[in-house]
1. Bin width 10 Å, alpha-carbon pairs only: give the P(r) of chain B as whole percents, running from 0 to the bin holding the largest distance.
2. Please give, to one decimal in nm, the separation of the simple spin-label points placed at B:Gln198 and B:Asn59, each 7 Å out from Cα toward the Cβ.
3. Using only the alpha-carbon atoms, how far is helix A:130-148 inclined from the longest principal axis of chain A? Give it as 0 to 90 degrees, nearest 10.
4. When you look at the Cβ of every residue in A:70-76, what mean number of other chain Cβ atoms sits within 10 Å?
5. If the viscosity is 1.306 mPa s and the temperature 10 °C, what translational diffusion coefficient in µm²/s does Stokes-Einstein give for the stretch B:157-272 when Rh comes from Kirkwood over Cα pairs?
6. Report the Cα-based extents of the stretch A:12-85 along its three principal axes, largest first, to the nearest Å.
7. Using the number of other C-beta atoms within 10 angstrom as an exposure proxy, rank B:Ile496, B:Ile276, B:Ile359 with the fewest first.
8. Need one number: convex hull volume per residue for the stretch B:384-524, Cα atoms only, in Å³.
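Please treat every number below as a calculation from the coordinates, not as lab data. Bear in mind that the values here come from a model prediction, so they are computed numbers and not experimental data. A quick note on method: Cβ atoms are made from the backbone with ideal geometry, for glycine too, and the neighbour counts reach across all protein chains shown.
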Amino acid sequence: MTPRRQRMLLIGLVVAGVALSAALALRAFQENLLFFFSPTQVVAGEAPDARLFRLGGMVVEDSVSRDPGSLTMSFVVTDYAHSVPVSYTGVLPDLFGEGQGVVAHGRLTPDGNFIAEEVLAKHDENYMPPEVADAIAQAQAQAQENTAE
Amino acid sequence: MIPELGQFALGLALCLALVQATLPIAGAATGRRDWMALARPAAVGQFVFVALAFLVLANAFLNDDFSVLYVAYNSNSSLPAFYKFAAVWGGHEGSLLLWVTILATWTLIVSVGSRSLPEEFSARVLGVLGIVSFGLLLFTLLTSNPFDRLLTPIVDGNDLNPLLQDPAMVIHPPILYAGYVGLSVPFAFAVAALLSGQLSQDWARWTRPWTVSAWMFLTVGIALGSWWAYYELGWGGWWFWDPVENASFMPWLASTALIHSLAVTERRGLFKSWTILLAIIAFSLSLLGTFLVRSGVMISVHSFASDPARGVFILLLLTLVSGGAFTLYAVRAKHMVADGGFKLVSRESFLLLNNMLLIVALVVVLYGTLSPLFIDALGLGKISVGPPYFNSMFLVPMLPLVLLMGAGMHATWLGMSGETLARKLAIPAVGALVLGLLLPWVIFGSAGVLTVVGVVAGLWIIAASLFDPVRRLIRRDAARPLTRAQWGMTLAHVGIGMFVLGVTVSSSYSIETDRAAVPGDRWELAGYEIVFRGLRDVQGVNYAAIEGEFELRRDGTLVTVLTPQNRVYRVQSSPMTEAGIDARWYRDIFIALGQPLGDGVWSLRVQFKPLIRFIWFGALVMAFGGLLAATDPRYRSKRAESRVSSGGAVSAETG
């Protein structure tokens with residue numbers, strides 16, 4: 001092979017590799033997107049049925065209940081307009097608590113329960129996940145609109 | 001009065017930065033030596049004043065001066081002195097001051113280390129560093145002044161975030177920043193070359209040790225962060241593809257590519273404009289990282305209270321500094337053309353592939369990190385990209401990279417026959433294949449395809465790296481000893497191999513269980529017996545804790561006692577989990593206390609993590625290789641060394 005041909009071959013291989021990985025990347029990206037939904041959106045039926053998504057809001061006071069001696073527990077997440085019951089089995093993060101912001105990854109069951117695979121609470125007692133703050137502000141704005149009408 | 005002194009010192013440093021940013025560059029353009037000569041005194045003066053400001057802030061922390069807002073927010077009189085000092089960079093304002101201090105330190109070192117370089121060139125380099133410093137100092141003074149006072153002083157402070165009250169967290173930010181900010185040096189060298197319109201092979205030789213040094217700090221900094229996340233907040237995970245982790249990882253990928261393309265530019269005079277571009281990209285990613293972390297646009301444990309004004313300012317700075325450099329590149333890069341071509345089977349080809357694959361990896365991470373931001377900005381919904389995207393996509397460029405790495409080290413500059421290369425590689429390749437297929441089965445009794453691939457790849461790199469040096473050692477071949485830089489390369493690659501082994505084995509064979517247990521319970525984990533002995537209250541300096549006691553037994557004999565804690569820090573009343581870890585080089589046993597579940601039952605996370613130490617130890621070995629390479633005597637000699645002009649004699653030169 002002439003040096004020129006060798007170089008063309010090299011460039012060709014590189015371009016093919018880049019194209020292949022770009023295609024793979026976009027597919028993996030599509031498959032692993034996690035959308036965020038607020039309780040209001042979930043109640044309105046906007047959240048997907050079988051797919052994993054993120055639910056965020058505040059943990060309702062006195063809503064946390066456990067099966068004594070087991071790792072399974074349940075609580076209610078709210079944006080002060082609507083609420084969604086959540087159940088989870090496992091160890092909770094340090095800053096999980098009633099009246100605190102929380103984000104859970106999981107799926108919705110047909111009867112409207114949210115089964116969490118992972119529960120995140122952020123590491124600052126004053127911290128509220130921006131998405132949660134946003135969702136609550138939106139729910140409140142909607143509520144005000146409704147009362148104005 | 002003293003805190004105002006700090007602010008005044010920062011103001012003076014800003015003025016000196018302005019001098020350093022303008023006159024030396026103008027002097028280099030017009031040939032005025034007196035202007036160029038201003039660069040060094042300005043750099044020294046700037047360092048003195050920035051360091052003074054830093055010391056003033058540290059002093060305020062150590063003396064509990066809660067009339068200073070930043071101190072009141074991030075410290076408390078009951079905090080141990082060690083953490084009071086570390087609290088200097090525990091919040092936004094102070095970490096920015098740390099950024100500026102480290103930049104001033106790098107600038108000082110460059111101003112001393114560049115004395116042997118041409119006057120115009122070093123004036124331009126220091127000038128560019130002055131521009132960056134000016135921007136950051138202005139940012140600090142306008143939006144994030146750490147010396148702001150409280151109108152009514154408070155009795156005691158708000159305390160340092162308990163997460164940061166940890167030895168690794170004390171040194172993680174300075175070391176990481178030393179790497180981040182250190183990339184400003186190759187950036188300045190690149191812009192100086194663009195300004196002059198010339199790029200010699202000497203340029204690459206001057207730039208290499210600075211790049212490798214910054215890369216070394218970045219490597220250690222990232223490893224420390226990962227280690228800390230593992231035992232402090234991750235419940236046993238060591239990397240989360242958190243936006244802020246990615247923000248530090250992207251400059252690492254870019255600077256790794258830069259180190260390798262600099263080798264080609266120095267040895268062969270090729271890839272010139274590409275090398276310049278990489279230097280600009282690497283530092284731009286550092287600035288982007290600063291923007292992501294400091295502006296609060298990202299949802300992350302690292303993001304402090306967000307302030308839109310700060311975000312806008314950093315974005316503006318990023319646009320000006322990087323945008324300016326890219327524009328200059330667009331205008332000038334066409335003058336920097338290669339002096340020749342190269343053959344298919346050659347060191348050059350392998351390094352080209354290395355760069356391609358690292359850039360693909362970089363794009364994968366960049367896309368996954370930034371797309372949620374854009375999608376949110378466009379109003380298309382709030383999304384996050386899960387770790388599965390990164391984990392699977394990152395493998396695509398990494399696997400060929402790792403396989404080619406072993407071969408690339410043995411390829412010679414200017415080309416060789418494929419047969420010769422294959423013969424050189426046969427023994428390490430066969431060895432890695434046999435061991436990689438056997439070991440997982442022998443030790444763990446089972447192995448998936450990816451596990452075998454990972455183990456073979458890790459062993460392959462280590463074998464290919466060490467094969468030649470060990471053979472020389474055995475034959476006592478003193479005629480051609482490895483240079484220090486060659487040892488550096490060898491060790492850095494061995495570190496990668498160890499890292500690959502650590503990641504593969506720990507992710508394939510970890511046992512992670514959540515369980516509910518009462519004192520007196522005993523259970524089995526990976527051949528060990530764990531006994532839950534009981535709980536007791538413990539009082540720390542500034543926290544109260546519940547401590548669990550767990551016996552770890554093997555074949556009836558006691559190995560160790562683990563004492564994980566659930567701490568509540570008094571001032572912020574925030575709970576923190578301190579895991580109990582028995583760490584050996586070949587495995588970790590990890591126990592963390594969760595919550596009381598009622599009736600004396602506790603939730604626990606119990607994990608067995610084989611070879612996980614290789615992840616961080618591998619990174620340290622990489623960094624040590626970097627240290628050797630950066631301190632090679634070759635870089636200190638003033639005379640340019642003979643370059644590659646013909647084959648043969650130079651085949652042993654390092655990459």
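1. 3, 14, 23, 24, 20, 11, 4, 1, 0
2. Rounded to a tenth, the inter-label distance reads 4.7 nm.
3. Approximately 50 degrees, to the nearest 10.
4. Working: counts 6, 9, 2, 3, 0, 0, 0.
Mean shielding count: 3.
5. Values: Rh = 15.7 Å.
So the translational diffusion coefficient is about 101 µm²/s.
6. The Cα atoms of the stretch A:12-85 stretch 63, 33, 19 Å along the principal axes, largest first.
7. Ranked by crowding around the Cβ, least crowded first: B:Ile359, B:Ile496, B:Ile276.
8. Measuring per residue, one finds 205 Å³ for the Cα hull of the stretch B:384-524.
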